[in-house]
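Just so you know, all these numbers are worked out from the coordinates, no wet-lab data involved. All values derive from a computational prediction rather than experimental measurement. Every residue, glycine as well, gets a Cβ built from its backbone with ideal geometry; the counts of neighbours run over all protein chains shown.
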Amino acid sequence: MDTETSDKNFSVSDQEEMSQQSELVQTVAAVGLLLALTIASGYLPSIKTGVIRIGLDFVPLMIAVFLVKWYWVTFIAVIGDIVKYFLINSAFGAFNPGITLSSVTFYLIWSILLCSALNQNWRFSRKTVVEIVIASILSTVISNVFISTWALAWQQGKSWLLLLPARLPSEGVKVILYIVFGLAIAEIISKFKEYRNSRDY
């Protein structure tokens, strides 16, 4: 009787361990793919709206927010930013750690506000819309307007207030772009999770 109970407990424990290992492998594979996409996105052309140019390199990291935990998102943001600098941007000046800090802060805000999206049973809802709107505004103001502008001002030896007015119009457009892309990504991932759960049953 005791041997039988022990075998059952071992079997359950063994299955849980295998499940955790499988989940870790899937997470690492997803992180690797998202990191590769983040680096590759640096080669994508920017969207031009008059005098404003907006890159699309935020898309892979925005996807990461909905798929992996905040520390993986931070890892992708930091490594992706460093690699993109040496592969693409090194000709445009010295590496600016303030820009990397800005990127990490941006996606941490998204990860915190949308942490519920990591739940397997999470679905797109009105709450998601509110969270994405708030995340877009907060991340743009804190990360882009304040930290990024400060980092550029420090690198160029200029006043933060001198650079700020020129950046505000583009940041206003970016907020709208972040909301649109965030809603689209959330909807797609929600449908994917719904489909995968239906397959499991």
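With neighbour counts taken as other beta-carbon atoms within 10 Å, the residues Glu131, Glu194, Glu23 rank, fewest first, as Glu23, Glu194, Glu131.
Please arrange Trp160, Trp72, Trp150, Trp110 by counting, for each residue, the other beta carbons lying within 10 Å of its beta carbon, fewest first.
Numbers: Trp160 13, Trp72 19, Trp150 16, Trp110 28.
Ordered by Cβ neighbours within 10 Å, fewest first: Trp160, Trp150, Trp72, Trp110.
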